[in-house]
2 protein chains.
Amino acid sequence: MDQALKPSTRDGDGGSQAHAGSGVLTLARSLSLHHGGELIEPRLAWRLAGRPDAPVVAALGGISAHRRVFDVAQPRAGWWWEVVGPGLSLDSEQVRVLGIDYLGGSGESTGPIPGQPFPSLSSYDQAEAVRALLDHLRIERLRGFVGASYGGMVALAFAERYPTRVERLVVISAADRTHPMATAWRTVQRRIVRFAASLGRASEGLELARALAMATYRTPGEFAARFGQPPRRVEGAYVFPIEEYLFARGRDYAGRYRSESFLCLSESIDLHAVDAARIPVPVAVVAVREDQLVPLEDLRALAAKLPRATLHELSSVHGHDAFLKEAHALRPIFQSLYGVA
Amino acid sequence: MDQALKPSTRDGDGGSQAHAGSGVLTLARSLSLHHGGELIEPRLAWRLAGRPDAPVVAALGGISAHRRVFDVAQPRAGWWWEVVGPGLSLDSEQVRVLGIDYLGGSGESTGPIPGQPFPSLSSYDQAEAVRALLDHLRIERLRGFVGASYGGMVALAFAERYPTRVERLVVISAADRTHPMATAWRTVQRRIVRFAASLGRASEGLELARALAMATYRTPGEFAARFGQPPRRVEGAYVFPIEEYLFARGRDYAGRYRSESFLCLSESIDLHAVDAARIPVPVAVVAVREDQLVPLEDLRALAAKLPRATLHELSSVHGHDAFLKEAHALRPIFQSLYGVA
């Protein structure tokens, strides 16, 4: 059962919602990392919001997600605003939602400092940070851990390491290890960023990398429907509609995310490897057939390895990004989080 | 019927094969280009090899292919060596094989000069060059035009413009226009190369772009089978097996291809658009289900638009590169080129 929330630090963030809290926790004097090395006095930024006495569900997304999962006052400020909130698919009237800024990311948790080396991070390290946060918040046991993309990897790592601290998982578009084709796309992205950074142009490298990443997140079907028009001629050069779209997204991203964080968490995805057979809690595995990064076959294999899995196969033109968009399809899957444990 | 070959220029190339010829033809004083602009005194490098009195089949491949389709003396020097040659799937004892270096490419045909602007090229421009070459060689009519990838686009453009100059087409992994997802991958590649070139590092940009392109040419299935091992640690950094593979291919490519040619012909693919309904000759359309660049649906749609099409659907772990590898599956499709016209 969840114990009462007694956050020891608050920053006023989310203050419009009674009993919601947020803060930045110093996790430990030193956090030993799964792949070697350590973080000294690592900080973890967190946020808890939803019905005050409701059970707690952790909700983690892609590497660019952050602790503001939803925000009643400013809906678009939440990264999962189309899916999570009062009365939405993951209903914050039924559960309190716990979010974090990832270690290594561009939020208020400890992350890379430009020009300084930063160790490789594992999904196990993020899981360890969540575990320490639960101790701090005196949450004995999560009602659920919902993770999509990188967040799903962290959910699996958490449940393998701390199975008594969570009742059930919902894992969307994440497997026990990454597919070599997805690693292919990401290693090219990281090499682009490192190449550009070596020339003092990291932001432009991140723009290119994000444009590439966007293509992997979506589907041929979506692009065919939206971007089939002929190219425009701009100052004598052809520019294709899909090109304008991808690079607009790339520029936007490069303006709000740090290249060092991108390198760190992109690598963390590719290093992810957990032992699914050692996860005893029930796991709802959500697979999107059109996902180019996490093939359906890999999630079928994950479900087969997990001792207690249910597999949900969805179709979505949004591909890997379906978790951000397919609120209707996800709603029944989240119902399992609301009942009495 | 094919007329006798009377090449006006020879360079001794392929001289070990009787009645084979090759040369570099000046196409015209000026070639007006489909997208505007012109090429002054453009040169087209060509090569014709096979049984001397056999009917002529043009064979064009991807943007990096060249006029040496096969080579009896040095088999690996031919870009299509696993498929074309004496007794092979496309049998040079049954047909003479005509190849070209693409306009805009890195061979001996006219292409971009570093630091100088070069106009956008269309698949129609390549078709026009082939037409002029046929005039020069006094080939009234090709027995067939076999094109894969970009070569398939050129084959379609040729048959739309000059339907009396070819009896039939075999078009492998090419459609009447490109898919926006494929354009997405390629625009990112071109932006990488242009970014790197703007910093004086074009070759490194080409290496990155080619690594990305390789991932699009292949399939998740192949990568899963070959590159599932954990990463190695090299000088403190993780390097993934697929990463080593892609960047070895990228470095190799950057050493033998010019970035300006890559930009030109990559763009030419994305500008490709022909009117399939206006191609009256029989076309064997060969689709590979696993091709990430040319979706099966697009080739089904092409076959539906062509007045006289047969559609062959293959499965191959090699994806877009299947035309280089699937000699056995292609053999029966090439049979239609051998009979009496």
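Below are the figures for this structure:
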| item | result |
| --- | --- |
| For residue B:86, inter-copy label distances in nm, listed shortest first [label point 7 Å out on the Cα-Cβ vector] | 8.4 |
| Pairwise Cα inverse-distance average, inverted: Kirkwood Rh of segment B:180-268 (Å) | 13.8 |
| Dipole of the protein assembly as shown [Lys/Arg +1, Asp/Glu -1 at C-beta], most positive-end residue of A:212, A:97, B:303 | A:212 |
| Where a label projected 7 Å from the Cα of residue A:40 along Cα→Cβ would reach, residues of segment A:90-119 with amide N under 20 Å | A:103-105, A:109-119 |
| Segment B:77-88 - phi-based ³J(HN,Hα) in whole Hz, Karplus 6.51/-1.76/1.60, Gly and Pro as x | 6, x, 5, 10, 5, 7, 10, 10, x, x, x, 8 |
| Cα coordinate range in chain B, projected on the principal axes (Å, largest first) | 65, 43, 41 |
| Lys, Arg +1 and Asp, Glu -1 on Cβ, resulting dipole of the protein assembly as shown about Cα centre, debye, nearest 20 | 120 |
| Dipole in debye (nearest 20) - chain A, about Cα centre, beta carbon charges: Lys, Arg +1; Asp, Glu -1 | 100 |
| Cut-off under 5 Å, modelled amide H: who pairs with residue B:284 long-range | B:169, B:170, B:171, B:310 |
| Per-copy distances of the residue A:226 label point, shortest first, in nm (7 angstrom along Cα→Cβ) | 3.2 |
| Karplus-derived HN-Hα couplings along segment B:114-119 (A = 6.51, B = -1.76, C = 1.60, θ = phi - 60°), whole Hz, x at Gly and Pro | x, x, 10, x, 9, x |
| Nm distances between copies for residue A:305, ranked from closest, using label points 7 Å along Cα→Cβ | 4.4 |
| Mean ellipticity per residue at 222 nm, deg cm²/dmol - from DSSP H runs of n ≥ 4 across chain B, formula -39500 (n - 2.57) | -10500 deg cm²/dmol |
| Contour minus Cα-Cα distance for residue B:256 and residue B:194 (0.36 nm per residue) | 20.5 nm |
| Amide hydrogen neighbours beyond the local backbone of residue B:142, cut-off 5 Å, H modeled | B:166, B:167 |
| Alpha-carbon radius of gyration plus Dmax, which is the widest Cα pair, for the protein assembly as shown in Å | 28.3, 93 |
| In Hz, Karplus ³J(HN,Hα) per residue of segment B:185-196 (6.51, -1.76, 1.60; θ = phi - 60°; x = Gly, Pro) | 4, 6, 5, 4, 4, 5, 5, 4, 5, 5, 4, 5 |
| Inter-label distance for residue A:131 and residue A:225, nm, one decimal - labels placed 7 Å from Cα along Cα-to-Cβ | 4.3 |
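Bear in mind that the values in this text are calculations on the coordinates, not laboratory data. Note that the structure is predicted; figures quoted are calculated from it, not measured. We place every Cβ from the backbone using ideal geometry, glycine too, and count neighbours over all the protein chains shown.
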